[in-house]
Structure formats: structure tokens, C-alpha cells
Amino acid sequence: MRELPRSTGRRSWARSGLAAASTLALGASLVAATSSPAAAAAGCAVDYQVNDWGSGFTANVSVTNLGDPLNGWDLEWSFSGNQQVTNLWNGSLSQSGQDVTVGNVSHNASLSTNGTVTFGFNGSYSGSNPAPDTFTLNGVVCDGSTDPGTDPDPDPDPGERVDNPYVGADVYVNPIWSANAAAEPGGDRVADQPTGVWLDQISAIEGNGSPTTGSYGLRDHLDEAVEQADGGEMVIQIVIYNLPGRDCAALASNGELGPDEIDRYKNEYIDPIAEIMSDPAYSDLRIVTTIEIDSLPNLVTNVGSRPTATPECDEMLANGNYVEGVGYALATLGDIPNVYNYIDAGHHGWIGWDDNFGASADKFYEAANAAGATPDDVHGFIANTANYSALQEDHFTIDQTINGQMVRQSDWVDWNRYTDELSFSQALREELVSTGFDPGIGMLIDTSRNGWGGPDRPDGPGSTSDVNAYVDGGRYDRRIHLGNWCNQSGAGLGERPTAAPEPGIDAYVWMKPPGESDGSSEFIENPEGKGFDRMCDPTYEGNARNGDNMSGALPDAPVSGHWFSAQFQELMENAYPPL
Ligand code: BGC
């Protein structure tokens, strides 16, 4: 029986900064599981994630029930060191020596088949803090398998998708990105992390030798993913990014297809991708696709009489080719049983305002019913792709009033309904379900560059003298304005990729490969259709979409997608959690 690599190794490697050499062949494990004897109609997978500061730690534990529905559960494990749980939330604790039992509390007693429950705790220890080897759920060993007697892998039946593809699976490490990262001083510390593979041009399907695509085409990545899977479960993350009239509100990522070239999009881009993905050689992979970053929200926020409107977005709204293209991608890729489609959903600093929130959900629903698609083709949504919005702001909340003024009135929040990506993503999920999407949809959050650590990270709230001082003094996100998006100065790597970290969240992912530029800081001739957007120029004083503020961009950046060493170094320096 195959033994899944445990996440312990990955985490302690990340802390100690040793080289990644042997991990590349395996993909990055986001799950703790071991081989085990069996019990029928039962099974479970556990993801045990630790943030460790040397003498203490916080653990987040997600338990997925792969067996029959449970009403009441106990998760048990034994520590191998002297770890002591000091307080625990979302569960009931008993610890005797090294043996720990966590039971349900009343609100999370029922655990459906494929349902996930998450709890967390703080712990203290001396010496070392290895993750537990074995977990049992109601007495059954959690090895990520549903019927270990006959099938040792957590395979769904052929043609059946699992609820959360990240649970019980490794995630593909792109060797091209990994080599770029490893070539940087200190880059070894992150070079074994999984990142998205962007198919940003038709030629990327076959491989075009560009600086970040290298010699790999889609087949090469899928072949390599099969190899990394080594017989186990493997997620590979593919970004579908080539709509006609791409990037209508900006210039840095304009693409190769003109606004009306929807037929080329279908025939020369989506169809060949679908043909490759449906090759039976890849049917054991879990192929996560993220569909068309930054497209649909532009049709809500950057059109019509709004001061943020652009003629290019007005054109894409009028000709319908974003909606048609997204619908076609969902329908065509959704026909492949092992593809999991996630639609891009912007981020809180874009669609978190009341005017944009419900309207964006409606637009997603429209696309999910266009060009032959149905909402069943949608497995979930991804927030914050290639953006910098903080995962969680701890030092202010939307409901607070400071010296007579609401936090929502502060210049930074500016009446937004959300202050961070986690609260936004969970609320958007609910909104999408009420709009008509399946209640089982899950969210991904791109945490590649939203860490905001380093010496300037605040460790408490700002002054209560007035609401702006309070919010500005306490916020982690240190952008000049929430609307800034290009190569942001001061940013750091965010949470490492993690499966099922919070309710409603399928995974934290690094969809944007850290170190790849968002756009050039001055015009650079290129064959990819990329323009020069002044939001990437550090001397630019802004436009309506960033409240006429400075761009906050780093200088000397190359064309979008190309390797930007100085940015990668800064991201590592300001990582949070730190490397
Ligand atoms: C670029 C793509 C690139 C992607 C990932 C985008 O901004 O336009 O060409 O593949 O970022 O780095």
C-alpha cells in the first residue's frame, strides 16, 4: 500500500531551509495521512497544519469524512513529543499524557460523507514538535481512503468528482517555476511549493520557450504530474487565461486575441486544451482549472457611466465575448470528469462593495449558463488571484466605531463591506449559493503574495484618536490604496498552500507564481501582446480605479509573467508566516 508523504516533512523543511532536492519528484503534500488497516464504509483524511514559533504553536486541523455520515465524532492521536494542548476551539478536548481526543461540539456534530470539519488549538512543547503520524476518526485510521480493504487510494468512482480535490492529494510542483525559485539566493526555502501553470497564449499549450513557460507544454506538465503522483492522488492547477480582448481595464496583461476573436478562443485554445486533458493517460489526476482571471468583474465595475469605465470593457460587455468565452470554457472542460472548474471572482478590494457584490454573482451565474454551460460545470471560485489583499486583518473589524466614526467610513475601507479575503470569500460563497450555484461549491484563495510581514507589520491596532489613524496603524496590507495591483512594494509571500484551511475554503493556493512580474514599469517591446500599464510605473499618480493615488509599484520590472528577481527577494523577506 502506498504511504502518502506526510505534511510534517514539508513544514519542517520550510522552517529549516534545507534544499528541496528530493521533494520535487513527489509534489507537495497538503495532507497528513498514513497507511492503515481497514474498516468498511468508513474512512477519513486529516490535514494538520502548524504555525510554530519554537516553543509553542498553533495547529489548524481539517478532518474530512470519507465514509458514511456521522452524527457525533471523536478524532484521536498521540503526540510523539511532550506537546501539550493549551486551548482548543471548535471542538471538545481531552488530553492524557501524549494521547489526545478531540470530540465534536453541538454545532459541528454532524459530518456528512465528504464533509469537512475544522478545529484549531494552541500548544506548548519543548524539544521538537513533529506532527502526529496517525489519526483515527471514531476508531478508523485516517489514511485518505474510503475502502482500504479493496482500494488503498482515496479514489472516487470513475466519473465522480470529490467534494474538495485538495483533500487527500498532493499538489503539482511546476519544475520550471521551481528551478527559477531555486536559482535565487534563499529560494530553496520555497522552491518545492505548488504554483499555478498559466496557459496565457495559444502557443503555451504546446510550449513556447518563453522565459517563464520554458520548454514545457500542457502535455509535459500533465506527464510530469503523473510522475509526481507516483500512484497517489495529485492535483494540478491550470490557469485558463486567453479571452478575446483580455484585461480590458488595464494594459499590462492584454493578450493575443482581439475583442472579436471568440472563434479562435474556442477552436484554437479551449478545444485543444480539452483534447489533451481528456487523454485517458491523465484520468487519475485531479485537474483544477481557474477560469479567466479578472474578466467577469470588469463587466460589472468598469463599464457604463461609472467613473472607472474603460471603452475596452464597454466593448466586451456589448459583444458578449467574455461571457460566451467563460461559458464555453466551463462547458467544454466541465465535460471532462476529472476537471474541477473554479471561476475567478476578483477580490474584496474589487467586488466587496455592495454595488459590485451581488451584481458580480449574477454575472458569474449568467456565464455559467452561457454557451452550453450549466452551474454543475462549476466546482467553485477563486479569490485574490495575483492580487495582494490580506487574508485576515486582525486589528479592526467592519462593525467597530472609533471616536464616533465607523471603520467603514475610514479612507482605507471606504464603505467596503469586507476588510479581508477570508471574510469576503466565505460571504461570497453564501451569496453564490443563494444566486443558484450548488451549495457544495468551495473557494480557493490565492495567498502567494498577500503575507505583508517584515519589520513594518503592525502587532496591534492603531491609535483610537480617529478612525483613519486606527485603521492605518493596524492594517497588515500596506498598499497605498486597495486598487493598486502591480508589483506592490512591501508585499510578502502569504500562507503556504494548505488544503481545507477554513470552512467553505477548499484551499489556500499559490496560483500566481511568486517572482513573476505583473507588468513592466516602462514600455518593453514584446511578441505577446502585452502593453505598458502606468499602474506598473512607480512614478505614476493614478486614475479613478485607484482613487488617484501613487501606484506603489516596484521599479525596473520586466513584462508581465517574466521573472522579476528583485520582487521575489522582497516577497521572501516580507513573508508572513515568515520563512
Ligand atoms: C501574465 C501572464 C503570466 C501570469 C503568471 C500574468 O500577469 O499576463 O503572462 O503567465 O501573469 O505570471
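The values are calculated or read from the model by the stated rules, or taken from the named source; none is laboratory data. Just so you know, these numbers come straight off a predicted model, no measurement behind them. Quick reminder, even Gly has a Cβ in these numbers, built from the backbone with ideal geometry, and neighbours come from all protein chains shown. Please note that ligands, DNA and RNA were not included when accessible areas were found on the heavy atoms of the full protein model with its side chains. Shrake-Rupley method; radii C 1.70, N 1.55, O 1.52, S 1.80 Å.
List of remarks:
- Some residue of the range 163-184 being at positive phi and open to solvent by 20 Å² or more (accessible area, probe 1.4 Å): no
- Summed over the range 172-218, the residues that are more than 15 Å from the ligand (Cβ to nearest atom) and in contact with an Asp or Glu (Cβ under 8 Å, 6 or more places away or on another chain) give a count of 4.
- Selected residue (only one of 359, 370 is in contact (Cβ under 8 Å) with a residue 24 or more places away in the chain and open to solvent by 30 Å² or more (accessible area, probe 1.4 Å)): 359
- Some residue of the range 240-250 being within 16 Å of the ligand (Cβ to nearest atom), aromatic (Phe, Trp, Tyr) and farther than 25 Å from residue 486 by Cβ: no
- For residue 548: the one exception among (1) crowded, with 18+ Cβ neighbours inside 10 Å; (2) free of Cβ contacts under 8 Å to residues at least 12 places away in the same chain: (1)
- Residue 578, sole failed condition from (1) in the same structural domain as residue 385 (by TED's automatic domain parsing); (2) open to solvent by 20 Å² or more (accessible area, probe 1.4 Å); (3) more than 16 Å from the ligand (Cβ to nearest atom): (1)
- Of the residues making up the range 358-367, those that are under 21 Å from the mean Cα position of the chain (by Cα) and of a type in the set (A, V, I, L, M, F, W, C) are 361, 364.
- All of (1) in contact with a Gly (Cβ under 6 Å, 6 or more places away or on another chain); (2) more than 20 Å from residue 344 (Cα to Cα) hold for residue 520 with one exception: (1).
- In the range 527-538 there is at least one residue matching the filter, namely being part of a loop (DSSP other than H, G, I, E, B), modelled with pLDDT under 95 and farther than 24 Å from residue 302 by Cβ.
- If the condition is being among the β-branched types (Val, Ile, Thr) and open to solvent by less than 20 Å² (accessible area, probe 1.4 Å), then the range 93-116 contributes 100, 102.
- Positions within the range 374-403 being farther than 30 Å from residue 338 by Cβ and either within 16 Å of the ligand (Cβ to nearest atom) or not charged (D, E, K, R) (or both), in sequence order: 388, 389, 390, 392, 395, 396, 397, 398, 400, 401, 402, 403
- Where helices (runs of 4 or more DSSP H) fall entirely within the range 167-232, those with at least 2 residues that are more than 25 Å from residue 274 (Cβ to Cβ) and either assigned by TED's automatic domain parsing to the domain that holds residue 273 or of a type in the set (Ser, Thr, Tyr) (or both) are at 175-182.
- Tally of residues being within 14 Å of the ligand (Cβ to nearest atom), assigned to a loop (DSSP other than H, G, I, E, B) and of a type outside the set (S, T, N, Q) across the range 515-524: 4
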